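Taking it in order: structure first as structure tokens, then the write-up.
The values are calculated or read from the model by the stated rules, or taken from the named source; none is laboratory data. Everything numeric in this text was worked out from a predicted model, so none of it was measured. Note that each Cβ is placed from the backbone with ideal geometry, even for glycine, and that neighbours are counted across all protein chains shown.
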Amino acid sequence: MSGVECPVPLGPGEHILLAHGGGGRLTRDLIEKELLPALRNPALEPLADGAVLDVPPGRLAFTTDSFVVQPLFFPGGDIGTLAVNGTVNDLAMCGAEPLYLSLGLILEEGLAVADLRRVVASIAQAARVARVHVVTGDTKVVERGKGDGVFVHTSGVGVVRAKGPLGAKEVRPGDAVLVSGPIGQHGVAVMAVRDGLAFSSPIRSDCAPVADAVMALIDAGVTLRCLRDPTRGGVASALNEIAAQAAVEIELQEPALPVTDEVAGVCEVLGLDPLYVACEGRFLAFVAGEDAERAVEVLRGREDCRGAARIATVKRASAGLVTVRTGIGGVRVVDMLSGEQLPRIC
Amino acid sequence: MKYLEEYRDGAAAQDYLAAIRKLVTRPWTLMEVCGGQTHSIVRYGLDELLPSEITLIHGPGCPVCVTPIHLIDRALAIAQTPGVIFASFGDMLRVPGSSTDLLRARAAGADVRIVYSPLDAVAIAEANPGRQVVFFAVGFETTAPANAMAVLLASRKGLTNFSVLVAHVRVPPAIEAILSSPFCKVQGFLAAGHVCTVMGTDEYHALAARYRVPIVVTGFEPVDILHGVAKVVRQLEEGRHEVEIAYGRSVRPEGNRPAQQAVDEVFEIVHRTWRGLGEIPASGLGLRAAFAAFDAEQRYPEPGAPAAESPDCIAGLVLQGLKKPQECGVFGTRCTPEHPLGAPMVSSEGACAAYYLYRRRAAAAAPS
């Protein structure tokens with residue numbers, strides 16, 4: 001009997017071996033003991049090469065995303081919750097109700113099985129909350145030093161519920177821009193637990209699915225033009241992309257931006273601007289100006305969007321510009337982030 | 001947020017603006033010394049809200065901008081030395097040396113780490129006894145106490161694998177260099193609030209008297225800056241030239257004595273070359289002989305090739321307030337934050353970057 005095929009069950013103190021990705025018995029053990037019990041559903045159960053799915057009538061939305069966060073676990077979530085919510089939210093930004101996910105796991109040799117179990121439990125829990133099923137998957141193991149614990153790759157399909165076309169090209173002067181809650185919490189929560197910060201922070205990631213909130217806007221008959229989740233690069237980068245694609249000027253009202261005291265405080269200390277910090281459970285909605293007030297009401301009526309606010313207005317055609325009117329009355333340009341935000345010297 | 005909101009308050013700002021409008025009877029040119037103040041002024045659009053008689057020009061107080069290119073090259077050479085862990089504040093990483101920058105050096109394999117405090121660099125040295133850790137000690141008098149503490153701590157712990165590459169600069173000699181220039185247009189100064197929090201105001205009285213200029217120690221929030229401007233304008237209109245403090249919640253006339261003692265124990269005053277400005281006598285801090293063991297310049301050989309600035313960069317004129325960033329021929333075209341030709345385009349506190357980030361409205365607003 002070869003050592004590689006030794007059918008020892010995974011114990012609590014165990015670590016991932018290269019052989020767990022070798023396609024042999026250890027791979028099967030990993031899938032059957034660690035993945036299937038947490039993620040079980042009729043489409044996944046046969047463990048076939050692909051899933052065969054029932055889909056409701058309508059158009060499909062399809063998206064894909066990779067997740068490489070460090071640390072793997074942070075206040076308010078982990079790489080598993082991020083992987084599910086990131087893909088679910090990308091579908092929601094297409095005006096789609098998320099249905100199915102694929103799950104690719106790239107594990108680093110030596111990863112504690114307990115950590116893998118925690119990530120998989122988070123994936124299962126996040127999928128339950130978002131009412132999506134993981135229907136197909138793949139697992140690979142890379143040598144120690146060639147991964148970062150776990151990389152996760154998810155693709156997702158959903159069925160489009162939005163009534164009209166959605167996208168930057170639909171944005172026009174007079175539209176209002178809403179954000180579904182306080183900004184910057186995810187980025188700050190992750191930064192605060194990275195090595196090298198000598199303070200502790202109570203800030204939890206905002207990582208959460210936003211599809212239900214989007215469906216609530218659609219059901220309320222709000223005229224939606226464009227939806228975007230302000231992940232990497234934050235609100236500023238998302239608005240700049242849309243302003244450029246739509247060829248409009250967008251003016252933010254700085255006092256209207258929802259930022260918690262805790263996020264504002266950490267950003268002050270580190271010399272960061274919350275406008276550029278990632279959110280993982282918020283979305284920006286461009287809505288017809290006349291629907292803005294009602295849309296804010298719909299969002300604020302939901303537990304997960306109490307902090308929703310109208311933050312900007314599409315002013316006029318332009319080459320693509322985002323400005324902000326400050327509390328003092330001055331106006332400045334809000335540019336795309338160049339490179340990463342670097343903490344200041346003093 | 002307490003201690004911030006009240007200094008970003010629109011009504012308080014309007015009160016100061018009204019007071020300044022009432023005071024001013026003729027044109028005045030003021031310089032804000034510190035890059036943090038420049039950033040606030042441009043970020044909040046204060047220069048556009050002030051009466052047209054007031055011109056603000058942006059001073060040399062951005063440590064990233066004035067660190068000379070030969071020291072950046074030195075940092076790069078040390079960072080690329082096998083086995084070295086090079087620790088730096090974040091915004092030094094993008095500053096161009098003559099051939100590359102620390103971010104690119106990191107991508108090419110150098111172990112370059114961002115720290116938030118020099119004491120973190122000491123901790124890295126303790127945790128990695130088999131490797132040399134070099135900290136890039138950059139900054140004005142503001143960061144000098146913490147950097148001095150790092151050296152004292154490393155000395156107390158007997159660390160032999162920790163050293164600092166010192167590029168410290170001092171504000172008063174730079175103000176004197178600007179005032180003694182025959183082209184100087186500056187009639188009053190907003191002095192740097194955090195530098196004076198450490199050093200106090202003693203060094204500024206002789207400057208104010210000799211050059212007959214008001215010097216008002218000023219904070220960094222928009223209301224703080226308008227408070228400082230109001231005080232300078234009042235002095236100018238009344239023909240006074242005194243040192244005043246408009247940042248009382250942070251600055252005392254004597255400064256922070258324990259911090260000064262730490263700086264004095266570790267550092268001595270040296271001549272320093274400023275990027276874009278050249279050598280200014282007595283404008284820097286260097287390690288005292290007693291701490292030579294911690295001097296990275298003595299541990300690592302000087303790189304061979306001489307350092308060269310981009311000939312197109314007018315950083316020196318910008319840092320002296322003689323030109324505005326957008327008057328530069330390569331501003332926003334060949335020189336951008338992604339591809340900076342000079343340091344003022346790098347740091348968020350650099351005047352060129354501030355103008356690039358916040359002030360392209362007129363150009364960008366035109367439909368293409």
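Please find, within the stretch B:126-137, the residue that is surrounded by the fewest Cβ atoms within 10 Å (Cβ to Cβ) out of those that are within 11 Å of another protein chain (Cβ to nearest Cβ) and within 26 Å of the chain's Cα centre (by Cα). In this case the residue turns out to be B:137.
Hey, residue B:123 hits all of (1) more than 13 Å from residue B:83 (Cα to Cα); (2) more than 8 Å from every other protein chain (Cβ to nearest Cβ); (3) without any contact (Cβ under 8 Å) to a residue 60 or more places away in the chain; (4) not in a helix (DSSP H, G or I) but one; which does it fall short on? If we test residue B:123 against (1) more than 13 Å from residue B:83 (Cα to Cα); (2) more than 8 Å from every other protein chain (Cβ to nearest Cβ); (3) without any contact (Cβ under 8 Å) to a residue 60 or more places away in the chain; (4) not in a helix (DSSP H, G or I), just (4) comes out false. I'd like the full set of residues that are within 13 Å of chain A (Cβ to nearest Cβ) and either aromatic (Phe, Trp, Tyr) or under 28 Å from residue B:83 (Cα atoms) (or both), limited to the stretch B:146-176. Selection gives B:146, B:147, B:167, B:168. Within the stretch A:204-217, the set of residues being in contact with a strand residue (DSSP E or B) (Cβ under 8 Å, 6 or more places away or on another chain) and crowded, with 21+ Cβ neighbours inside 10 Å comprises A:205, A:207, A:209, A:211, A:214, A:217. Only residues that are crowded, with 16+ Cβ neighbours inside 10 Å, among the hydrophobic types (A, V, I, L, M, F, W, C) and at the interface with another protein chain (Cβ under 7 Å from one of its Cβ atoms) were counted in the stretch A:314-331, giving 3. Kindly indicate whether residue A:272 is buried (at least 20 other Cβ atoms within 10 Å of the Cβ), facing chain B (nearest Cβ under 9 Å) and aliphatic (A, V, I, L, M). So residue A:272 does not fit the description; no. With a requirement of 2 or more residues that are charged (D, E, K, R), the strands (runs of 3 or more DSSP E) lying completely within the stretch A:67-177 that satisfy it span A:96-108, A:133-142. Output the residues belonging to the stretch A:75-102 that are of a type outside the set (Ser, Thr, Tyr) and touching a Ser or Thr at 6+ places or on another chain (Cβ under 6 Å). Matches in the stretch A:75-102: A:76, A:77, A:78, A:80, A:83, A:90, A:91, A:101.
Conditions tested, residue by residue: (1) small (Gly, Ala, Ser); (2) more than 14 Å from every other protein chain (Cβ to nearest Cβ).
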position	(1), (2)
A:258	no, no
A:266	no, no
A:280	no, yes
A:293	no, yes
A:308	yes, yes
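Note on the stretch A:227-269: residues that are surrounded by fewer than 21 Cβ atoms within 10 Å (Cβ to Cβ), among the aliphatic types (A, V, I, L, M) and part of a helix (DSSP H, G or I) amount to 4. Of the residues making up the stretch A:210-226, just one is among the hydrophobic types (A, V, I, L, M, F, W, C), in a loop (DSSP other than H, G, I, E, B) and under 19 Å from residue A:170 (Cα atoms), namely A:222. Filtered by the rule that a residue be aliphatic (A, V, I, L, M), part of a loop (DSSP other than H, G, I, E, B) and closer than 22 Å to residue B:55 by Cβ, the stretch B:230-252 gives a lone residue, B:246.
When the stretch B:107-116 is limited to residues that are more than 12 Å from every other protein chain (Cβ to nearest Cβ) and assigned to a loop (DSSP other than H, G, I, E, B), the one that is nearest to residue B:160 (Cα to Cα) turns out to be B:110. The criterion of at least 3 residues that are within 14 Å of chain A (Cβ to nearest Cβ) is met by the following strands (runs of 3 or more DSSP E) wholly inside the stretch B:21-106: B:84-88. So is residue A:180 crowded, with 23+ Cβ neighbours inside 10 Å, in contact (Cβ under 8 Å) with a residue 24 or more places away in the chain and either touching a Lys or Arg at 6+ places or on another chain (Cβ under 6 Å) or not assigned by TED's automatic domain parsing to the domain that holds residue A:321 (or both) or not? Here the answer is yes, as residue A:180 does meet what is asked.
Every residue in the stretch B:58-83 that is surrounded by fewer than 22 Cβ atoms within 10 Å (Cβ to Cβ) and in contact with a Lys or Arg (Cβ under 7 Å, 6 or more places away or on another chain), please. Residues satisfying the conditions are B:69, B:83. Quick check on residue B:140: is it touching a Pro at 6+ places or on another chain (Cβ under 8 Å), surrounded by 20 or more Cβ atoms within 10 Å (Cβ to Cβ) and more than 12 Å from chain A (Cβ to nearest Cβ)? Against the criterion (touching a Pro at 6+ places or on another chain (Cβ under 8 Å), surrounded by 20 or more Cβ atoms within 10 Å (Cβ to Cβ) and more than 12 Å from chain A (Cβ to nearest Cβ)), residue B:140 does not qualify.
Of the residues in the stretch B:271-278, at least one is out of contact with any Ser or Thr (no Cβ under 6 Å at 6 or more places or on another chain) and at positive phi. Residues in the stretch A:229-246 that are within 13 Å of chain B (Cβ to nearest Cβ), touching a strand residue (DSSP E or B) at 6+ places or on another chain (Cβ under 6 Å) and not polar (S, T, N, Q): A:243 alone. Could you say whether any residue in the stretch B:72-93 is hydroxyl-bearing (Ser, Thr, Tyr) and under 18 Å from residue B:311 (Cα atoms)? No, every residue in the stretch B:72-93 fails to be hydroxyl-bearing (Ser, Thr, Tyr) and under 18 Å from residue B:311 (Cα atoms). Cβ-Cβ distances below 8 Å connect the following pairs, each with a first residue in the stretch A:107-118 that is over 11 Å from residue A:18 (Cβ atoms), a second residue that is charged (D, E, K, R) and surrounded by fewer than 16 Cβ atoms within 10 Å (Cβ to Cβ), and a separation of six or more residues or different chains: A:112/A:14; A:113/A:14.
Condition (residue is within 14 Å of chain B (Cβ to nearest Cβ), modelled with pLDDT under 95 and out of contact with any Phe, Trp or Tyr (no Cβ under 7 Å at 6 or more places or on another chain)) applied to the stretch A:204-220: is it met by at least one residue? No, that holds for no residue. Inspect the stretch A:178-200 for any residue being touching a strand residue (DSSP E or B) at 6+ places or on another chain (Cβ under 9 Å), modelled with pLDDT of 95 or more and assigned to a strand (DSSP E or B) and give the result as yes or no. Taking every residue of the stretch A:178-200 in turn, at least one turns out to be touching a strand residue (DSSP E or B) at 6+ places or on another chain (Cβ under 9 Å), modelled with pLDDT of 95 or more and assigned to a strand (DSSP E or B). Of the residues making up the stretch B:333-352, those that are out of contact with any Cys (no Cβ under 9 Å at 6 or more places or on another chain), at pLDDT 85 or above and more than 9 Å from chain A (Cβ to nearest Cβ) number 2.
The criterion of at least 2 residues that are touching a residue at least 12 places away in the same chain (Cβ under 8 Å) and of a type in the set (S, T, N, Q) is met, among helices (runs of 4 or more DSSP H) falling completely within the stretch B:138-228, by B:144-156.
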